[in-house]
Amino acid sequence: MRWNSLFIPTLRDAPSDAEVVSHKLLLRAGYVRQLSAGLYCYLYLAQRSLRKIERIIREEMDAIGAQEIYTPELHPAEIWKESGRWDAIGDDMFRLKDRFGREHCLGMTEEEVVTFIARGELRSYKQLPQIWYQIQAKFRDEPRPKAGLMRVRRFTMKDSYTFDMDSAGLDAAYQRHYAAYCRIFDRCGLEYLPVDAHSGAMGGSESCEFMVPSAAGEDWLIECPDSGYRANLEKAVTLPRPPSVPDAEGDALPEEFATPGKKTIEEVSEFDGMPASSHIKALVMVAQGKPLMALLRGDHQLSETKLAAEAQDPDVRPAHPAEIEQWLGAGAGFIGPVGAGDIPLLADKALEGRRNLIAGANKADAHLRNVTPGRDFRARFADLREAEDGDIDVASGQPVRRRKAIEVGHIFKLGYKYSESMGLSVLDENGKAVTPIMGSYGIGVERILTGAIEQNHDDAGMALPVSIAPFEAVVTPVNLKNDDQRKAAERLYAELREAGVDVLLDDRAERAGVKFKDADLIGIPYRITVGRNIAEGLVELTERSTGRSENVNIEEIAKLLVGRISEAVA
C-alpha cells in the first residue's frame, strides 16, 4: 500500500479526555475515532491490526479442532429467561422490544444461544465432543465507559463453547483451550499471566483469567513470586498481616463508651486511640431477601464476590440506611454483632481467635470495647476480605504483591448450569438420557491490541509486535524529488511485496522528519530509509522496538528483512 492514498489521520496531541497510553496513541495514530461514550469507529490501521489478531486466533482455534460458527447479535428474551440470567444480569444488558412487543437483548455472550442450538441438534453421545467458536460483536451497557477500547459498550470477542459427556472430557477441552490461549498470546507478543479466577455470573466450578500486567489495567491480581501463586482479587486467598498491636489480655466483659458523631472506623480509631486492626467492621447486607451482617477486621475491605459465594446469592447488596435502622435500631456507623438479634453473622477468618476488640453498640453515638468473638457473639467464619499487598502467601509464607492488569481472556468450566436449565440431553451408549457438561472460553480482541500498546510504547508512539502491527515494514524515501531515491524505493517496495512482506511505501511529499515521526507513532516494526547513501547502494534499516539502525546493501535488504520478520513471529 502507498501512504499517500491511505486515510491515516494522525494527531500531534491526544484529546484531553484520553487518560491511558493506549487510548491516547490509538487516537493520535489515527486508529480509532469516538462516536459516543463507549462506541468507537475503527479506521484503516485498527482494522488491519485487529484482523491480524483474529487470524492468529482462528489458526489456533482451528488447530484444536474448533469449528467456527455465527450466531445473531440479537437474542430473544426467552432463552435468557430459561437460563435464569435475564433478571440476574440486570442493567448491563441492552434490552429492547420489536414492533410486536416481544422482548429481545443484544448479546453479551452466547451460552444460551449455543445451548439452544445443541438442544435442537445433538441427540447421541456419538456426536460428542463438540467445540464451536465465533468472533463477533458483543454489547454491554457499561455505566462508565473509559480507557479507550478497554471498557466499551460494543467490542469484539472470540467466544467458544465445548460439549462433553463427562468431567474428564471437559478437563481435556479446558486444557486444550488453555494451551491454545497461551499460543495466541505468545504469537501476539504479549507478556501475560494466567491467574485463578472467580466465575461470577457465568457460573461453573473453575476458571482462569489471562492477565496483561499494566498500570492502565482495571483489574487486580495477587501473586507470590516465591511460590508462583497467582489469582485475581476476587479469588485470591492469603493470610493477613498481623494486627498492628496485640489483643489486650483479660476476660473483661463488653463495656459501652460514648462516641459522639464518630461513625467510621477511622474516626472511632482516632477517638479511642486504638488502631483499626483492633476494631470490628460491621456491614449489613441483604442476601436472598434477608438481612445478613458481615464482620471484618477494621483495616480490611469486604470482597462482595466472596460474600456472594458464601451467601449463595449473586445479587447480594448493601442494606439501605432505613433498613439498618429498622433491623438494628441504630445508624450504620454504630452497628455491631453484640445484640444483633436474629440477624445471621458471617465473620472473616481474620477475626477468629481475636479478643477484646471494639465494635458498634447498636445504639446511636456508642461503641463497645472488650468484644470477644465466640464469647460475646456467634458467627460463621469464612474468607470474606480482599487480599492486600504485603499479605502472606499460604504456601510459602512469603509476602504477596498486588498488581494492576488488563484481562484479555477468560476460560470457564461451566459444568451443567446451562445444559440442565435449558433441557439439553443426549442418549449414552446404553440409550439413557444424560446431560452434557459444558465449557466456555472468551478472548477480547481489542483488549489484545490495547494490552500490546500499553506494553510496547515510548514517547514517540507505539512499538507494536510484528505479528499484529498494521504493516510489518515501511519504505521511506527521504527525498522523492531525487530520482535515484524514488526509483530505489519503488524497487524495494515491489521486491518486499513479492517476498511476502506486508509493506507500506511512504510516498508522501513530506519532510523526512515528518515521515519518521509518523512511522514511529503508528508502530511499524521496521523502517527502511532510502537516502543519500543509495549512491553507494546502501539503505538504512531501523528496528522500531529498539531504535537500532544499520546500513544494509540494497541487494540484501529483502532477504535480511524476511529473516528478521520470520524470527519475530516464530
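How many residues does region 1-35 contain that are of a type in the set (Ser, Thr, Tyr), within 28 Å of Pro213 (Cα to Cα) and open to solvent by 50 Å² or more (accessible area, probe 1.4 Å)?
Going through region 1-35 one residue at a time, the tally reaches 1.
Could you check region 495-509 and list, in sequence order, the residues that are assigned to a helix (DSSP H, G or I) and over 18 Å from Ile524 (Cα atoms)?
Across region 495-509, the qualifying residues are Glu495, Glu498.
Ala395 passes all but one of (1) part of a loop (DSSP other than H, G, I, E, B); (2) open to solvent by 70 Å² or more (accessible area, probe 1.4 Å); (3) modelled with pLDDT of 95 or more; which number fails?
The one condition Ala395 does not meet is (3).
Residue by residue through region 519-533, note down the ones that are open to solvent by 10 Å² or more (accessible area, probe 1.4 Å) and assigned to a helix (DSSP H, G or I).
Asp520, Arg532, Asn533
So which residues in region 373-392 are within 14 Å of Gly353 (Cα to Cα) and surrounded by fewer than 19 Cβ atoms within 10 Å (Cβ to Cβ)?
The answer is Gly374, Arg375, Asp376, Arg378, Arg380, Phe381, Ala382.
From Glu19, Glu54, which residue is in contact with a strand residue (DSSP E or B) (Cβ under 8 Å, 6 or more places away or on another chain) and part of a helix (DSSP H, G or I)?
Glu54
Among the residues of region 107-122, how many are in contact (Cβ under 8 Å) with a residue 60 or more places away in the chain, part of a loop (DSSP other than H, G, I, E, B) and small (Gly, Ala, Ser)?
So the count comes out to 0.
Would you mind finding the one in Ala469, Ala489, Ala535 that is in contact with a Ser or Thr (Cβ under 9 Å, 6 or more places away or on another chain) and farther than 24 Å from Ala46 by Cα?
Ala489
Gly390 passes all but one of (1) closer than 21 Å to Lys138 by Cβ; (2) in contact with a Pro (Cβ under 7 Å, 6 or more places away or on another chain); which number fails?
Every listed condition holds for Gly390 apart from (1).
If you check every pair at least six apart or on different chains, which have Cβ atoms under 6 Å apart with a residue in region 534-547 that is touching a residue at least 24 places away in the same chain (Cβ under 8 Å) first and a residue that is open to solvent by 70 Å² or more (accessible area, probe 1.4 Å) second?
Listed by first residue and then by second, the contacts come to Ile534/Asp484.
Contact list please: Cβ distance under 8 Å, first residue in region 325-347 and under 17 Å from Ala287 (Cα atoms), second residue among the polar types (S, T, N, Q), pairs at least six apart or on different chains.
From residues that are under 17 Å from Ala287 (Cα atoms), the pairs are Leu328/Asn362; Ala340/Asn362.
Restricting to strands (runs of 3 or more DSSP E) lying wholly in region 65-106: which have 1 or more residues that are touching a helix residue (DSSP H, G or I) at 6+ places or on another chain (Cβ under 9 Å), open to solvent by less than 50 Å² (accessible area, probe 1.4 Å) and modelled with pLDDT of 95 or more?
Here the list reads 74-76, 103-106.
State whether one or more residues within region 243-251 are closer than 14 Å to Lys349 by Cα and open to solvent by 10 Å² or more (accessible area, probe 1.4 Å).
Scanning region 243-251 turns up at least one residue that is closer than 14 Å to Lys349 by Cα and open to solvent by 10 Å² or more (accessible area, probe 1.4 Å).
Every residue, every condition in (1) under 30 Å from Asp166 (Cα atoms); (2) within 38 Å of the chain's Cα centre (by Cα); (3) surrounded by 24 or more Cβ atoms within 10 Å (Cβ to Cβ), yes or no:
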residue	(1), (2), (3)
Met438	yes, yes, yes
Ala452	no, yes, yes
Met462	no, yes, yes
Leu480	no, no, no
Gln485	no, no, no
Arg491	no, no, no
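Criterion first (under 30 Å from Leu170 (Cα atoms), at pLDDT 95 or above and surrounded by 23 or more Cβ atoms within 10 Å (Cβ to Cβ)) does Ile443 satisfy it?
Against the criterion (under 30 Å from Leu170 (Cα atoms), at pLDDT 95 or above and surrounded by 23 or more Cβ atoms within 10 Å (Cβ to Cβ)), Ile443 qualifies.
Out of Ala282, Ala276, Ala319, Ala308, which single residue is within 24 Å of Leu239 (Cβ to Cβ) and within 30 Å of the chain's Cα centre (by Cα)?
Just one listed residue meets the conditions, Ala308.
Thr372 is checked against (1) closer than 22 Å to Ala309 by Cβ; (2) in contact with a Lys or Arg (Cβ under 8 Å, 6 or more places away or on another chain) and fails just one. What number does that condition carry?
Going through (1) closer than 22 Å to Ala309 by Cβ; (2) in contact with a Lys or Arg (Cβ under 8 Å, 6 or more places away or on another chain) one by one, Thr372 breaks only (1).
For region 134-168, what are the residues that are closer than 18 Å to Val32 by Cβ and hydroxyl-bearing (Ser, Thr, Tyr)?
Thr156
Within region 291-316, work out how many residues are farther than 24 Å from Glu266 by Cβ and surrounded by fewer than 21 Cβ atoms within 10 Å (Cβ to Cβ).
Selection size over region 291-316: 11.
Can you pull out the residues in region 278-290 that are surrounded by 15 or more Cβ atoms within 10 Å (Cβ to Cβ) and free of Cβ contacts under 8 Å to residues at least 60 places away in the same chain?
Within region 278-290, Lys281, Leu283, Val284, Met285, Val286, Ala287 qualify.
Specify which of the listed residues (Lys404, Lys349, Lys417) is open to solvent by 20 Å² or more (accessible area, probe 1.4 Å) and more than 24 Å from Pro240 (Cα to Cα).
When all the criteria are applied, what remains is Lys417.
Quick check on my filter: what residues within region 257-277 are among the hydrophobic types (A, V, I, L, M, F, W, C) and surrounded by 19 or more Cβ atoms within 10 Å (Cβ to Cβ)?
Ile265, Val268, Met274, Ala276
The values are calculated or read from the model by the stated rules, or taken from the named source; none is laboratory data. Note that the structure is a prediction, hence the values are computed from the model and not measured. A quick note on method: Cβ atoms are made from the backbone with ideal geometry, for glycine too, and the neighbour counts reach across all protein chains shown. Heavy atoms of the whole protein, side chains included, go into the accessibility calculation; ligands, DNA and RNA do not. Shrake-Rupley method; radii C 1.70, N 1.55, O 1.52, S 1.80 Å.
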